Amino acid sequence: MNRKLNKFITARFKLCYGEFELSINLRLPNSGISVLFGHSGSGKTTLLRCIAGLQQAQEGYLEINGSVWQDSDVGVFLPTHKRSLGYVFQDANLFSHLTVRENLNFGLKRLKAHPPRPPSKGGDFHHIVNLLGIKHLMERMPERLSGGEKQRVAIARALVLNPEILLMDEPLASLDSKRKQEILPFLSRLNQELNIPVLYVTHSQQEVAQLADYLVLMEAGKVQAAGKLSETLSRLDLPLSQERDASSVWNAMVVEHETEFHLTRVAFEGGSLSLPAIEAKLGTPLRVQIYARDVSIVLETPHATSILNVLPAIIVGISDGENGQSIVRLEVGTQALLAHITRKSALVLNLKIGKAVFVQIKSTSILN
Amino acid sequence: MLTSADFATLLLTFKVASLATIFMLLFGTPLAWWLERTQSKWRGIINAVVALPLVLPPTVLGFYLLVLLGKNGIVGEFTTWLGIGTLPFTFAGLVVASVLYSSPFVIQPLQNAFSAIGNQPLEAAATLRASPLDTFFSVVLPQAKSGFLTATILGFAHTVGEFGVVLMVGGNIPDKTRVVSVQIYNHVEALEYTQAHWLAGGLLAFSFIVLLILYTVLKTSPNASLK
């Protein structure tokens, strides 16, 4: 099967149980990491389980990379074990009677017997084992692994199958923040190093900012919005832009180290930012998160300011938030940026859509 | 000491218990699995039927078996038509009766073991390309290992200890249906207390050791077999 052709997911599901109703009509890019984000009870895990075939929607149509996995109109429902997918459960779910190595080989053995698509080659197996840092754990039983190690083994177990799609159901939710930080870098690297599209369920904004390329917001069994991360985060019609932690996420690249000032300069499409020094080679891609509360707006280039990052921007949207706040959406180069300012400031500065201004960015954080 | 007749009853008891245990595991495993997984409305009824021998007096079960398996019973007519003859007072009849009488001691530990495994490993196996049958053999069986051991030991030990059903269905025929428990009864009837002591003491020791293994080595909880 050619992965370049029809690289998208079409998912339509209708499912009722009790009060809850899932009603989904989605078309997702089948590359990078798509994050399903929503509160508990919004149906994101149910949607993932429907895609995996662990749950059968009464009405449903599911097409992955051109092959139909479910079509209730013609009675097609591929059972889970015949779907080319990897699934990472919230609590690892390793087989307790098998060693780590046997857990990894469980799927591989069966894949070799009936390959719907070739298993990853021997080299990839070792590559994945190294990538997830579990080489020294291979002969252990799952009960002798920490929570973070278990989850890394579970991710490797799904990846070695070289699936068409990797489904991850809140893989970090049961871990403490230290273990989360242990796994998050692996997840960002996965996407860069292995060409396997990921559907990732979470209710953590931090994970969204760090991992998502594409964001699907879910609410009460329905898709509230779906789109590219930076685009969706800064949409003024969505509640995300109103939250105290509202932020914009930019993809950037390291271009210069100013060692005497302990600064690193990164470039994005349409400009550059100075950040506190980081250790990374020139050309390293990274993600910069800018909280809306850290962005202020001025009408002219300030001549004297301690803030390093002052960029020209154009206002593309304004909406009223709670407690006398205005939420302004701007474009800096091609990047969308959110700013939370007071309504009074918006009035005094006479901010309007289309107006050219400057933004001062007080602080930024680097996500990977 | 034990006479050759006593040894014959011991050997027969062992044969009955072994065969009955094998049949109980063969029929009990799929039944226990079905009972644990099904959403069918029949589940409650079948569960109750499976548990019946736990509460029925063995003579009641034995009586109905005798009637069913006998010449005029439905099963009896069927076996006669097959050309096997009737089952009561034969070795085969004894095994059939034992299977029915002891099956809750096999099925319930298996059900508990299956329920302890839960749904999660099964879902993991499905996402790793294992078909349901494959999953049963490669995940469920190994994870239910101690449940199978408990079921085997309890089923075997309980069959060794039965008396009422054996007497009703099997009778007291040397080398054919005379098992240890019946032999002890014979000895006591004949006032051969020394002989009775040897056999009874042997059974007591056997039962104690079996339970000791269950509760220490396998760490089964004392009420695990009764949900």
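No value in this document is a laboratory result; all are computed from the given coordinates. Bear in mind the structure is a predicted one, so any value in this text is a computation, not a measurement. Positions of Cβ are generated from backbone atoms using ideal geometry, with glycine treated the same way; all protein chains shown enter the neighbour counts.
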Counting every C-alpha pair in region A:8-233, the percent lying more than 32 Å apart is 16
When all Cα-Cα pair distances of region A:253-330 are considered, the percent exceeding 18 Å is 52
Per its Cα gyration tensor (rounded if a/c is under 1.5, else prolate when a/b beats b/c, else oblate), region B:38-83 is best filed as oblate
For B:LYS145, counting only lysines whose alpha-carbon sits under 20 Å away and dropping same-chain residues fewer than eight positions off, the answer is B:LYS219, B:LYS227
Per GNM of chain A with C-alpha springs under 10 angstrom, the most fluctuating residue out of A:ALA252, A:ALA113, A:ALA173 is A:ALA113
With a ≥ b ≥ c from the Cα gyration tensor eigenvalues, square-rooted, and the rule rounded for a/c under 1.5, otherwise prolate when a/b > b/c and oblate otherwise, chain B is oblate
Non-local residues with an amide H under 5 Å from the amide H of A:ILE278, with H modelled 1.01 Å from N and Pro and chain starts lacking one, are A:THR264
The answer for A:ILE196, listing residues at least 5 apart or on another chain whose modeled amide H is closer than 5 Å to its amide H, is none
Shielding of A:80-91 by other chains, given as the mean Cβ count within 10 Å, works out to 4
Measuring from the longest principal axis of the C-alpha atoms of chain A, the long axis of helix A:100-113 (C-alpha) lies at a number of degrees, nearest 10, equal to 70
Taking Cα atoms, the helix A:122-131 axis meets the longest principal axis of chain A at an angle in degrees (rounded to 10) of 50
Quick calc, the protein assembly as shown, dipole around Cα centre from Cβ unit charges on Lys, Arg (+) and Asp, Glu (-), nearest 20 debye, gives 720
Looking only at lysines whose Cα falls under 29 Å of A:LYS355's and that sit 8 or more positions away or on another chain, we get A:LYS228, A:LYS344
Taking a ≥ b ≥ c as the square roots of the eigenvalues of the Cα gyration tensor, with a/c under 1.5 meaning rounded and otherwise prolate when a/b exceeds b/c and oblate if not, the protein assembly as shown is prolate
A correct Karplus calculation of ³J(HN,Hα) over region A:290-299, with 6.51 cos²θ - 1.76 cosθ + 1.60, θ = phi - 60°, whole Hz and x for Gly and Pro, returns 10, 6, 4, 6, 8, 10, 10, 10, 10, 8
Of the candidates B:HIS197, B:LEU214, B:TRP34, the farthest towards the positive dipole end of region B:4-217 (Lys/Arg Cβ +1, Asp/Glu Cβ -1, centred on the Cα centre) is B:TRP34
In region A:163-308 the DSSP beta bridges are antiparallel at a rate, in percent to nearest 5, of 85
For B:LYS71, the lysines lying under 29 Å Cα to Cα, once residues fewer than eight places off in the same chain are dropped, come out as B:LYS15, B:LYS176
CD proxy, 222 nm, chain B: helix-only mean residue ellipticity via -39,500 (n - 2.57) per DSSP H run with n ≥ 4, per residue, nearest 500, stands at -22000 deg cm²/dmol
Phi angles of region A:157-164, converted by Karplus (6.51 cos²θ - 1.76 cosθ + 1.60, θ = phi - 60°) into ³J(HN,Hα) in whole Hz with x for Gly and Pro, give 4, 6, 6, 4, 6, 6, x, 5
Here region B:196-205 yields Karplus 3J(HN,Hα) values (6.51, -1.76, 1.60; θ = phi - 60°; whole Hz; Gly and Pro given as x) of 4, 4, 4, 5, 5, x, x, 5, 4, 4
Under 20 Å between C-alpha atoms, the lysine pairs in region A:56-190 lying 8 or more places apart or on different chains count 10
